[in-house]
1. Tell me, please, whether a residue that is at pLDDT 95 or above, under 16 Å from residue 43 (Cβ atoms) and open to solvent by 40 Å² or more (accessible area, probe 1.4 Å) can be found in the range 107-123.
2. From 57, 40, which residue is closer than 17 Å to residue 163 by Cα, out of contact with any Gly (no Cβ under 6 Å at 6 or more places or on another chain) and open to solvent by less than 20 Å² (accessible area, probe 1.4 Å)?
3. If I ask for residues that are crowded, with 20+ Cβ neighbours inside 10 Å and either part of a loop (DSSP other than H, G, I, E, B) or free of Cβ contacts under 8 Å to residues at least 40 places away in the same chain (or both), which ones from the range 128-149 would you list?
4. From 47, 24, grab the single residue that is open to solvent by less than 30 Å² (accessible area, probe 1.4 Å) and free of Cβ contacts under 8 Å to residues at least 60 places away in the same chain.
5. Specify the residue that is nearest to residue 86 (Cα to Cα); the eligible residues are those in the range 151-169 that are open to solvent by 60 Å² or more (accessible area, probe 1.4 Å) and of a type outside the set (A, V, I, L, M, F, W, C).
Amino acid sequence: LYVTADFRVVEIDLLGNVTRSWVAVNRPQGEASEATPVDALTFHHDAGLLENGNLLALSTEKKRLENYYTSEWDKEAPRESQWVMGDRVVEVTPEGEILWDWKAFDHLPSERIGHETFSNYWKRRGFPDTIDWSHANSVTKLEDGSVMVNFRYLSAVVNFDPESGEVRWIFGEPS
């Protein structure tokens, strides 16, 4: 299973034959006819198949935040309205139905930013004028049913309950 640069998740067999694939239909490239459409903006960095056959994947949502940072180094830098990308975790059926999603914007403070927020990552990926806030790199469902996400730019690992959305714990330097 791998995630492509054009926001698809592809499953292959041991011979390299594509067995299934999903595509984020709201991606800048539009739909991909050979993939199962999913109502998502992106797929990025990490995805995995669950025991029930569903897909657990990192996705995103883009929000316009008012009075947002223009510098990751200078707290006193002028603020302005910014398009900001935040992470979203989704569980998707083989048919492309999203069973649940968890949005970082709804559970974590967007005022906490880290190094490389202004790195142009999302601009290079087809989202001009969009800065990167949380930048998750991995997602894992644990045996107790909770989900753990590593947020690179927040320098934190977050564990949450996918049923309630409640954050169980955050492992990270609090400042």
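1. No: the range 107-123 contains no residue that is at pLDDT 95 or above, under 16 Å from residue 43 (Cβ atoms) and open to solvent by 40 Å² or more (accessible area, probe 1.4 Å).
2. Details: 40 fails: closer than 17 Å to residue 163 by Cα.
Every option except 57 fails the conditions.
3. Residues satisfying the conditions are 133, 134, 135.
4. Sole residue among the options that is open to solvent by less than 30 Å² (accessible area, probe 1.4 Å) and free of Cβ contacts under 8 Å to residues at least 60 places away in the same chain: 24.
5. Among them, the one singled out is 152.
The values are calculated or read from the model by the stated rules, or taken from the named source; none is laboratory data. All values reported here derive from a predicted model rather than from experimental measurement. In this analysis, Cβ positions are derived from the backbone assuming ideal geometry, glycine residues included, and neighbour counts consider all displayed protein chains. The protein model used for the area step is the full one, side chains on, heavy atoms only, and it has no ligands, DNA or RNA in it. Shrake-Rupley method; radii C 1.70, N 1.55, O 1.52, S 1.80 Å.
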